[in-house]
1. Just need a number here: residues in segment 104-124 that are surrounded by fewer than 20 Cβ atoms within 10 Å (Cβ to Cβ) and in contact with a strand residue (DSSP E or B) (Cβ under 9 Å, 6 or more places away or on another chain).
2. Does ASP193 meet the test of being among the acidic types (Asp, Glu), away from the ligand (no atom under 11 Å from the Cβ) and without any contact (Cβ under 8 Å) to a residue 40 or more places away in the chain?
3. Which number in (1) in contact with a helix residue (DSSP H, G or I) (Cβ under 9 Å, 6 or more places away or on another chain); (2) modelled with pLDDT of 95 or more; (3) within 30 Å of ASP294 (Cβ to Cβ); (4) part of a loop (DSSP other than H, G, I, E, B) marks the one condition that ILE436 misses?
4. Anything in segment 161-181 that is buried (at least 17 other Cβ atoms within 10 Å of the Cβ) and either at pLDDT below 95 or more than 16 Å from the ligand (Cβ to nearest atom) (or both)? List them, or say none.
5. Scan ASN354, ASN296 and give me the residue that is part of a loop (DSSP other than H, G, I, E, B), surrounded by 19 or more Cβ atoms within 10 Å (Cβ to Cβ) and more than 9 Å from the ligand (Cβ to nearest atom).
6. Do the conditions hold for ASN397, that is, is it modelled with pLDDT under 95, of a type outside the set (Asp, Glu) and more than 16 Å from the ligand (Cβ to nearest atom)?
7. Tell me the residue from GLY259, GLY285 that is surrounded by 16 or more Cβ atoms within 10 Å (Cβ to Cβ) and more than 26 Å from ALA204 (Cβ to Cβ), please.
Amino acid sequence: MNKIKKIISLFFFTILFHNGIFSQAKISTIAVIGTGYVGLVTGTCFAHLGYSVICVDIDEKKINELKKGIVSIYEPQLTDLLRKELSRQKLFFTTHAEKAIKQADIVFIAVDTPMNDDGNAYMGYLNTALETIGKALQKKTIICIKSTVPIGTTDYAEQLLLSHNVSSDLFDMVMNPEFLREGSAVYDFLNPDRIVVGSHSFEAAHTIKNLYEPLLQEKIPCVLVDPATAETIKYASNSFLAVKISFINEIANLCEKTGADICQVSHAMGLDKRIGSYFLKHGPGFGGSCFPKDCNALLHIAKNHGVILRTLAACLQTNQEQRTVPVKKLLEHLVSLDGTTIAVLGLSFKAGTNDIRNSCAITTLELLQKHGAHIKAYDPIANNAMQKLFPDIQYCNSLETALCGCDAAIIMTDWCEFKQLENAPYHQIMKRPLIIDACNVLDCKNRFLQHFVISKIGKR
Ligand code: UDX
């Protein structure tokens, strides 16, 4: 019956669409379930595009802060934009999911899908969101999954709702993945390379496509596919970026042996349009809440289908080993770390964020502790976050304090602030002028750095 209904609606929809009737479909209210990095940026930016948006979360404290324009995550532009849309009364926050869902024409699900211990994605928050939506639906609503979810989840979600006796007349499922980088998420939302929309419903797909109309006027491609394809595009995109990083890190390790210049290798590779210059920057490996999670999830999804993704498995293995390189380099200079004092400069998983999830610095701190070193850690904004994981190390509130009296320093995050080392004789305050520049932040030709021994990844 379902299939016949869909064919008939597709037939009439196609007629309506070609008569331009559909494009006037009016979206008045959007609900967003989940106010993490993705949900908050999505809700705020849709409000900025002119829609009325209600963001929902179970965390009452967080919602009360958001109502006052207080944003707990460090995301440039987000706070200003959120406050502007609050004052324009285009953006609202609530813990009452049911009320928000009843008012909405489209409900985005942007809940966390963290990695289970076995590497699969945890679906508990998504299931709860779906059940809440199923109970609250009163009118035809588009349910749009924004979270990164295993391939097949959108179809699973549809079956789950139908199994809870939610009428198929009341909803259409869509998968609309995000490609937001932490630290530039607002920019990435408003300047996407492409919009991906996955649905079996032609009408629902075009409704979501039309949501982005203000952006699509910039001729940004919109790819309309089925849900499983949309889910795969997200995982494959993130996984490929991770593979690119592991590849350049392996080439960097080779350059250390051959004497080739990894920066020039990477630059010249990137000039090939087929390769592209992005995500070819070598370093201590990739971290963050997405790459490790998404690569592992895709590996497990493939394995569950009897497919071995050898390239991706090798990428993750390489990344695990790469994370140990900074301390290995330190041990090439200091026979033993026992009783030494080492400054760890940079704790967040990348510059521009205070997020330490899967940060390479975590591996460095663990290894330094294992080798008996006393650690002085400094990050421009991530000290507090790391203190929750490593409460007994010393946290410093400036670069100078961290370096004072140290036997060596390791740069673990590519914060520009660490280029201060090029502007003053910091070697005079260290016990030993030794720097492991794991992120290739420093220009060794700089006159102040002539006093240092600087060891870099990818440099002999
Ligand atoms: C990533 C994807 O880029 C984004 O599209 C997706 O939606 C979420 O996951 P994010 O994890 O926020 O975004 O950060 P990203 O800038 O991609 O960096 C990820 C990791 O790769 C960081 O640890 C970064 O330091 C590292 N990296 C990045 C490199 O080591 N080399 C590079 O050239 C680029």
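The values are calculated or read from the model by the stated rules, or taken from the named source; none is laboratory data. As the structure is a prediction and not an experimental result, all values here were calculated from the model. A quick note on method: Cβ atoms are made from the backbone with ideal geometry, for glycine too, and the neighbour counts reach across all protein chains shown.
1. Total satisfying the criteria: 4.
2. It is false that ASP193 is among the acidic types (Asp, Glu), away from the ligand (no atom under 11 Å from the Cβ) and without any contact (Cβ under 8 Å) to a residue 40 or more places away in the chain.
3. With (1) in contact with a helix residue (DSSP H, G or I) (Cβ under 9 Å, 6 or more places away or on another chain); (2) modelled with pLDDT of 95 or more; (3) within 30 Å of ASP294 (Cβ to Cβ); (4) part of a loop (DSSP other than H, G, I, E, B) applied to ILE436, the lone miss is (4).
4. Within segment 161-181, LEU161, VAL166, PHE171, ASP172, MET173, VAL174 meet the criteria.
5. Of the residues listed, the single one that is part of a loop (DSSP other than H, G, I, E, B), surrounded by 19 or more Cβ atoms within 10 Å (Cβ to Cβ) and more than 9 Å from the ligand (Cβ to nearest atom) is ASN354.
6. no
7. GLY285
Each row is one residue, and each column tells you yes or no for (1) within 12 Å of the ligand (Cβ to nearest atom); (2) out of contact with any strand residue (DSSP E or B) (no Cβ under 7 Å at 6 or more places or on another chain).
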| residue | (1), (2) |
| --- | --- |
| GLU231 | no, no |
| PHE247 | yes, yes |
| GLU256 | no, yes |
| GLN264 | no, yes |
| GLY306 | no, yes |
